[in-house]
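> Below is a structure I'd like to ask you about.
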Amino acid sequence: MNQKELDPQHSTIEVEDPDQFKAMMIGASVIFVMAFIPFATLACCLPQVAGALVAVHLFTSQYSLTLSNGKAIKLAILTCLMGAIASWVVAMGLYLGFDYQVGARESEWVSLTLAEKLGGEKAVEQTKLALEQQKADGLSLKNIVIGFVASTVFACLSGLIGGSIGAAVFKRGEAKS
C-alpha cells in the first residue's frame, strides 16, 4: 500500500454542492408576493431583483460562501424564473377564470395621469379610447404567448441584474466558483 493513500492530509473527499433550492424557493416567494401588491409591478424589475438578492443572500449566508458572478447569476435567474412563471400562471388563471386583471386599475390610473400631465385633455381622451379598445379586444392566444415570453425574458434579465449585484455585495467566505 502506498503511504500517501493512508495519510489523512493527502486524501481527497468529494463534497456535494450546497443545495440552492431553499434559497431559490424563498426568493421566488418574494417575487410571487410582490407581483400581487398594487403598484409593485410598476416598479420595473425591482420585485424580481429583490427576490434574486434574497436568494443569493440566503444561500451565501447559509453556506458561508462567496459566489462567483456566474453561480450567483445562475441562482438568481432560476429564482426569477420560478417566481415570475408562478405569478404569471396565477395572474392568467385569475384573468381567464374570473375576468380580473392584476394591476389593471393601477396601470390605467398611471396611464391617464401621465396622459393628462404630458399631453393634456386630448391625450387623456385618446388614452381612454385605447384602454376601451384593449378591453373590447380581450385576450387572444397571441397575447398569452407574448405575455409568457415577455415574462420569461424579463425574469432572465432581472436575474442577471440581481445575481450580479448579489455576487458583488454578499461575500461570505471561501469562493465557490
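> Could you grab me the full set of residues in region 94-113 that are under 25 Å from Q48 (Cα atoms) and either assigned to a helix (DSSP H, G or I) or touching a Pro at 6+ places or on another chain (Cβ under 6 Å) (or both)? Walk me through it before giving the result.
First, pick out the residues of region 94-113 that are under 25 Å from Q48 (Cα atoms): 94-96, 100-111.
Listed by number, the residues that qualify are L94, Y95, L96, A104, R105, E106, S107, E108, W109, V110, S111.
> Okay, next question. Name the residues in region 28-81 that are in contact (Cβ under 8 Å) with a residue 12 or more places away in the chain, within 24 Å of Q101 (Cβ to Cβ) and not in a helix (DSSP H, G or I), would you?
Passing the criteria: A35, F36, P38, F39, C45.
> A further question on this structure: Considering only residues that are surrounded by 24 or more Cβ atoms within 10 Å (Cβ to Cβ) and over 16 Å from P18 (Cβ atoms), look in region 50-88 and name the one that is nearest to the chain's Cα centre (by Cα). Even if it seems obvious, please write down each step before you answer.
Filtering region 50-88 down to residues surrounded by 24 or more Cβ atoms within 10 Å (Cβ to Cβ) leaves 51-52, 55-56, 59-60, 67, 72, 75-76, 79-80, 83-84.
Narrowing the set further to residues that are over 16 Å from P18 (Cβ atoms) leaves 51-52, 80, 83-84.
On the way: G51: 6, A52: 7, C80: 3, G83: 6, A84: 5 Å.
This residue is C80.
> Another question, if that's okay. Conditions: (1) outside any helix (DSSP H, G or I); (2) of a type outside the set (S, T, N, Q); (3) touching a residue at least 12 places away in the same chain (Cβ under 8 Å). W88 meets all but one. Number of the miss?
(1)
> Would you be able to say whether some residue in region 120-141 is more than 17 Å from V33 (Cβ to Cβ), in a helix (DSSP H, G or I) and in contact (Cβ under 8 Å) with a residue 40 or more places away in the chain?
no
Rundown of residues vs (1) basic (K, R); (2) within 24 Å of A136 (Cα to Cα), yes/no style:
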site: A43; (1), (2): no, no
site: L46; (1), (2): no, no
site: T60; (1), (2): no, no
site: M82; (1), (2): no, no
site: G97; (1), (2): no, yes
site: R105; (1), (2): yes, yes
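> For region 151-161, does any single residue satisfy the condition of being more than 20 Å from G70 (Cβ to Cβ) and either of a type in the set (A, V, I, L, M, F, W, C) or modelled with pLDDT under 90 (or both)?
yes
> When the residues of region 90-117 are filtered to those that are of a type in the set (D, E, K, R) and surrounded by 13 or more Cβ atoms within 10 Å (Cβ to Cβ), which remaining residue is farthest from F32 (Cα to Cα)? Don't jump to the end; show me each part of the working.
So in region 90-117, the residues of a type in the set (D, E, K, R) come out as 99, 105-106, 108, 116-117.
Add one more test, that the residue is surrounded by 13 or more Cβ atoms within 10 Å (Cβ to Cβ), and what stays is 106, 108, 116.
On the way: E106: 18, E108: 22, E116: 32 Å.
This residue is E116.
The values are calculated or read from the model by the stated rules, or taken from the named source; none is laboratory data. This is a predicted model, so every value here is computed, not measured. No Cβ is skipped: glycine too gets one built from the backbone with ideal geometry, and neighbour counts run over all protein chains shown.
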